[in-house]
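K.L.:
Following this message is one structure expressed as structure tokens.
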Amino acid sequence: MSSNFNVVEMIDISKSFFGVKVLDRVSFEVTSGEIHALAGENGAGKSTLMKILQGVYTLDSGEIQIAGAAASIHSFQDARNYGIGMVFQEFSLVPELSVAQNIFLDREHKNKLRFFDEKETIRKSKLVMEELGLNIDVTAKVSTLGRAFQQLTEIAKAIAGDAKILILDEPTASLAKEEVDALFKVLKQLTARGVSIVYISHRMDEIYRICDRITILRDGKKIAVSLLSEISPQEIIAHITGRKDVEMLSHEGKSIERSTTPIFEAIGIQVGNRVNNVSFKLYPGEILGLAGLMGSGRTELVRAIFGLDKKDGGSVKIDGKDVVIKNPREAIAQGFAFIPEDRRRQGLVMEHSVKQNILAANLSSLSHLNFLSFSKINNLVQDSITNFEVRPPEANREVRLLSGGNQQKVVIAKWMATNPKIVLMDEPTVGVDIGTKVEIMKLVRAIATEGKSVILISSELPELLGVCDRILVIRKGQIAEELDRKDVRDEDHLQMIVQGIKI
Amino acid sequence: MTLLSLKKIDIRATLIYWMFAAIFLLFALLLHDDGFLQSNNLLNIFRQTATITVMAVGMTFVISAAEIDLSIGGVAGLASVVGALMLRDHGLIQGILGGLAIGFVVGSLNGLLVAHVGIPSFLVTLGMQGVAIGFAALVTNYYPIPILNDTFNAIFGSGTIGWFPGLLLWSFTAVLIGWIMLTKTTFGRRVLATGGNRDAAEFNGINTKNVKFKVMLISSVVASIAGLLYAGRLQTGRYEWGAGDELSAIAAVILGGTSLFGGSGRIIGTFFGALLVGLINNGLILAGLPVSQQQIVRGLIIILAVALAKKK
């Protein structure tokens, strides 16, 4: 290790967005041939730091050195010239082109007549694949490959472009176990050739398996850097979580009457291979948390319950009676509401006003014989804006002009107006400022106090601990643990369970 | 800053009225001696615009739902032909129902292919356009079918209520029904939500396939009514009636302030958009421009309309 030099050195990097400091004098270094884990909670600054390295954002202050020389990276092109390659979570491959064509996209080999030289492209691609020890048909269309092979193609593309530093962001999120093995083999091979890898992941087992060192960020600051051989998972988790808002965590869970008929019961739900034989019960007034890593199947489970995706097996009961839900309309009729993960794409019509968005989810209750009742609409919208404290309180303002937190309040408001019995929430606080986060958590508690039941997905464990009465830990599409809130000591404890670390 | 952006939105929303007023004034000044302002000419504009207005109202729903219908010209032609044939061979009621049936059949096919099979509407309706025109030419062997039934010609063409032209009543009725449907009913909200963000609409429990099917159906049925209006006004059914009207209707809708990208619709704007198209056609004819030059000007107006409607 001593002969290794720093390939990347980021020194005292600071970055603010709209006056909010997201990176505060963060230093980060990667030596040649190293796999360096970058860890931290959502919003800790990992992706901002990496985006600065890729030229997506420009740093406010600090310095970047590549191979010992000061580097100025202002665009993606710059980053590529410095040998920095990114393996995107959403792949940047053209599905209808072959593997070889994708690998040399934008750097096509040309023959004497300036036409594409397909043979040379294929020959060079084969060489790259051989070097990586991969057995992929380079003439196959990318769209015919599985996700893992697409990802490996993406890596091959970066390597063919002479990347010396590869950034991988949650690369295993959608991969099966054998695929992960194949990926890791390739990564090891790359490091043997002196390529350095920045590995962003929430999965502790993978970090220990593949990485040499770890840098931990929290709230935009570097908290620790250590060889993985010298740090325990418990220490890592303690660094990642830090000391949390005590008030948020003081929640102990209500005692829920569980001898009655559950309001909702899932029996053996199956969705492809993503959700595997999941059964659970939900009681009136209960807030049930779904904890798990990205790609563990939580979203797929609630989507299937809401009728957005087809169930491949299993059944559901409401108030003890069997019901069939094939689409969102039937789910809504049964008293469900669904606050989706991506409010811009799934929750709201961004160009429509607050009023129009609230109206769209409540058409039947706000109309008579299919004619809209405008006095009812105006009353409801005014009430929603007041009760949910939407700022600014303007019914006719287009929602795209609101802040993320206020957009989310509109989503919640429109669903609460439907007077649901069961509220499904998928990451309700993503992209929301901390103040609104707390407000939304209070709203969730208030919803349950009214006797409604909530199923809450969140990757932010403090949130789950702050509101839930019971938590199901989902791992690989199955319920791995069921925990009463009062049996979870603190965030670290829950994190260990989510990661599957034995205590 | 806020003031400025508010102003911008305002101008875009009322653009059609300013354009209408400006071009009207321009023609009034330039074409005064050609009789532009004579009441007969002004009524003529309304009469000739009726078919476009009616079709454009249907098109407003289609575009609001983020789809397009290029088959309306062909549907109008086919409906005029089938209406005329049924009228000649079977009688008045059969003629009217025959024409409308064309709208139902083509609209259902369009709707099925767009909403349920999932083929992009511009492809489906582009193909359907050819099918409809070809079919109309085939059954008439390219000949016009004269309509000798005075009742039919009065209802769908030259009839008046007092001094009030019947064709104008058709326009007003279409606009009024369209306006009520789009702004006052749950269906209108479903159309706008589907066009604005189909995913979000589905999450809201809106059956977006059903919405897309219905807008395609409405558009075709309305186009078949326009076909009957052609037949009544020109007292013939002919496969060429309506040719190219899809572009005029789309221009009217976009000029009227409906977003080409779906999610917002303005029926009153569409009405003035259609009148503006009619106004321009009329002015160009009075100015003595040949058909070729009229086509150039009309084409440029469509491009201009889309450019102005483009956001930000």
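K.L.:
Check whether at least one residue in segment A:57-73 is aromatic (Phe, Trp, Tyr) and under 22 Å from residue A:151 (Cα atoms), and report yes or no.
P.N.:
No.
K.L.:
Wholly within segment A:21-129, which helices (runs of 4 or more DSSP H) include no fewer than the required count, namely at least 1 residues that are of a type in the set (Val, Ile, Thr) and on the phi < 0 side of the Ramachandran plot?
P.N.:
Working: elements: A:46-53, A:76-81, A:99-103.
Once the helices (runs of 4 or more DSSP H) in segment A:21-129 are filtered for at least 1 residues that are of a type in the set (Val, Ile, Thr) and on the phi < 0 side of the Ramachandran plot, what remains is A:46-53, A:99-103.
K.L.:
OK, next. Tell me which of these residue A:258 doesn't satisfy, since it passes every other one: (1) without any contact (Cβ under 8 Å) to a residue 60 or more places away in the chain; (2) within 14 Å of chain B (Cβ to nearest Cβ); (3) among the basic types (Lys, Arg).
P.N.:
(2)
K.L.:
Next question, about the same structure. Answer yes or no: is there a residue in segment A:355-362 that is within 19 Å of residue A:455 (Cα to Cα), within 13 Å of another protein chain (Cβ to nearest Cβ), crowded, with 18+ Cβ neighbours inside 10 Å and of a type outside the set (Gly, Ala, Ser).
P.N.:
no
K.L.:
Does at least one position in segment A:109-127 carry a residue that is in contact with a Ser or Thr (Cβ under 7 Å, 6 or more places away or on another chain), closer than 30 Å to residue A:300 by Cβ and surrounded by 15 or more Cβ atoms within 10 Å (Cβ to Cβ)? Show your work before the answer.
P.N.:
Initially, segment A:109-127 is screened for residues in contact with a Ser or Thr (Cβ under 7 Å, 6 or more places away or on another chain), giving A:109, A:122.
With the extra rule that they be closer than 30 Å to residue A:300 by Cβ, the set shrinks to none.
No; the residues of segment A:109-127 include none that is in contact with a Ser or Thr (Cβ under 7 Å, 6 or more places away or on another chain), closer than 30 Å to residue A:300 by Cβ and surrounded by 15 or more Cβ atoms within 10 Å (Cβ to Cβ).
K.L.:
Would you pick out the residues in segment A:35-80 that are of a type outside the set (A, V, I, L, M) and under 17 Å from residue A:158 (Cα atoms)?
P.N.:
Hits for segment A:35-80 are A:51, A:54, A:55, A:75, A:76, A:77, A:78, A:80.
K.L.:
Take the residues in segment A:304-338 that are aliphatic (A, V, I, L, M), within 9 Å of another protein chain (Cβ to nearest Cβ) and not in a loop (DSSP other than H, G, I, E, B), then tell me which one is farthest from residue A:423 (Cα to Cα).
P.N.:
Looking at residues that are aliphatic (A, V, I, L, M), within 9 Å of another protein chain (Cβ to nearest Cβ) and not in a loop (DSSP other than H, G, I, E, B), I get A:333.
K.L.:
Restricting attention to segment B:46-94, which residues are at negative phi and not in a helix (DSSP H, G or I)?
P.N.:
B:65, B:67, B:68, B:69, B:70, B:71, B:90 - these are the residues of segment B:46-94 that are at negative phi and not in a helix (DSSP H, G or I).
K.L.:
Do you know which of the residues in segment A:158-195 that are assigned to a loop (DSSP other than H, G, I, E, B) and under 22 Å from the mean Cα position of the chain (by Cα) is farthest from residue A:459 (Cα to Cα)?
P.N.:
Step one: filter segment A:158-195 for residues assigned to a loop (DSSP other than H, G, I, E, B), giving A:161-164, A:170-176, A:193-195.
Remaining after also requiring under 22 Å from the mean Cα position of the chain (by Cα): A:170-176.
Numbers: A:170: 14, A:171: 17, A:172: 16, A:173: 13, A:174: 16, A:175: 19, A:176: 21 Å.
Top of the filtered list is A:176.
K.L.:
Kindly indicate which of A:410, A:349 is crowded, with 21+ Cβ neighbours inside 10 Å, within 14 Å of chain B (Cβ to nearest Cβ), among the β-branched types (Val, Ile, Thr) and in a loop (DSSP other than H, G, I, E, B).
P.N.:
Result: A:349 is the single residue among A:410, A:349 that is crowded, with 21+ Cβ neighbours inside 10 Å, within 14 Å of chain B (Cβ to nearest Cβ), among the β-branched types (Val, Ile, Thr) and in a loop (DSSP other than H, G, I, E, B).
K.L.:
Something else: Would you pick out the residues in segment A:418-432 that are of a type outside the set (Lys, Arg) and surrounded by fewer than 21 Cβ atoms within 10 Å (Cβ to Cβ)?
P.N.:
Hits for segment A:418-432 are A:418, A:419, A:420, A:430, A:431.
K.L.:
Can you tell me which residue among A:157, A:185, A:119, A:177 is more than 30 Å from residue A:29 (Cβ to Cβ) and at pLDDT 80 or above?
P.N.:
None of the others qualify; the one that does is A:119.
K.L.:
Something else now. Of all helices (runs of 4 or more DSSP H) completely enclosed by segment A:196-267, which ones contain at least 2 residues that are buried (at least 18 other Cβ atoms within 10 Å of the Cβ) and modelled with pLDDT of 90 or more?
P.N.:
The helices (runs of 4 or more DSSP H) meeting that bar are A:204-210.
K.L.:
Among (1) under 26 Å from residue B:128 (Cα atoms); (2) within 10 Å of another protein chain (Cβ to nearest Cβ), there is one condition residue B:221 misses while meeting the rest; what is its number?
P.N.:
Here residue B:221 meets the rest and fails (2).
K.L.:
So which residues in segment A:469-490 are touching a Lys or Arg at 6+ places or on another chain (Cβ under 9 Å) and under 24 Å from residue A:209 (Cβ atoms)?
P.N.:
A:474, A:476, A:477, A:481, listed by residue number.
K.L.:
Quick test of your reading of the structure: residue A:372 fulfils all but one of (1) farther than 18 Å from residue A:302 by Cβ; (2) surrounded by 21 or more Cβ atoms within 10 Å (Cβ to Cβ); (3) in contact with a Lys or Arg (Cβ under 7 Å, 6 or more places away or on another chain); (4) within 14 Å of another protein chain (Cβ to nearest Cβ). Name the failing condition by number.
P.N.:
Unmet for residue A:372, out of (1) farther than 18 Å from residue A:302 by Cβ; (2) surrounded by 21 or more Cβ atoms within 10 Å (Cβ to Cβ); (3) in contact with a Lys or Arg (Cβ under 7 Å, 6 or more places away or on another chain); (4) within 14 Å of another protein chain (Cβ to nearest Cβ): (2).
K.L.:
Then there is this: Got at least one residue in segment B:262-272 being assigned to a helix (DSSP H, G or I), surrounded by fewer than 19 Cβ atoms within 10 Å (Cβ to Cβ) and not hydroxyl-bearing (Ser, Thr, Tyr)?
P.N.:
yes
K.L.:
Take segment A:384-407 and flag every residue that is touching a residue at least 24 places away in the same chain (Cβ under 8 Å) and part of a helix (DSSP H, G or I).
P.N.:
Within segment A:384-407, A:384, A:385, A:387, A:399, A:400, A:404, A:405, A:406, A:407 qualify.
K.L.:
If I ask for residues that are closer than 15 Å to residue B:266 by Cβ and either over 19 Å from the mean Cα position of the chain (by Cα) or at pLDDT below 65 (or both), which ones from segment B:297-310 would you list? Break it down into steps so the answer makes sense when it comes.
P.N.:
Of the residues in segment B:297-310, the ones closer than 15 Å to residue B:266 by Cβ are B:305, B:308-309.
Scanning segment B:297-310 gives B:308, B:309.
K.L.:
Okay, moving on. Can you tell me which residue within segment B:125-152, out of those that are surrounded by fewer than 22 Cβ atoms within 10 Å (Cβ to Cβ) and hydroxyl-bearing (Ser, Thr, Tyr), is farthest from residue B:110 (Cα to Cα)?
P.N.:
It comes out as B:151.
K.L.:
Can you give me the number of residues within segment B:153-211 that are at the interface with chain A (Cβ under 10 Å from one of its Cβ atoms), crowded, with 24+ Cβ neighbours inside 10 Å and closer than 18 Å to residue B:53 by Cα?
P.N.:
Count: 0.
K.L.:
Does residue A:289 qualify as being at positive phi and in contact (Cβ under 8 Å) with a residue 12 or more places away in the chain? Quick ask: steps written out before the conclusion?
P.N.:
Working: at positive phi: no; in contact (Cβ under 8 Å) with a residue 12 or more places away in the chain: yes.
For residue A:289, the condition - at positive phi and in contact (Cβ under 8 Å) with a residue 12 or more places away in the chain - is not met.
K.L.:
Scan segment A:65-108 for residues that are among the acidic types (Asp, Glu) and surrounded by 13 or more Cβ atoms within 10 Å (Cβ to Cβ) and jot them down.
P.N.:
Filtering segment A:65-108 for residues among the acidic types (Asp, Glu) gives A:78, A:90, A:96, A:106, A:108.
Answer for segment A:65-108, where residues must be among the acidic types (Asp, Glu) and surrounded by 13 or more Cβ atoms within 10 Å (Cβ to Cβ): A:78, A:108.
K.L.:
Specify which of the listed residues (B:288, B:263, B:242) is within 14 Å of another protein chain (Cβ to nearest Cβ), out of contact with any strand residue (DSSP E or B) (no Cβ under 6 Å at 6 or more places or on another chain) and at positive phi.
P.N.:
None of the others qualify; the one that does is B:263.
The values are calculated or read from the model by the stated rules, or taken from the named source; none is laboratory data. Since the structure is predicted, the reported quantities are computational estimates derived from the model, not experimental observations. Here the Cβ is made from the backbone with ideal geometry for all residues, glycine too, and neighbour counts use every protein chain on show.
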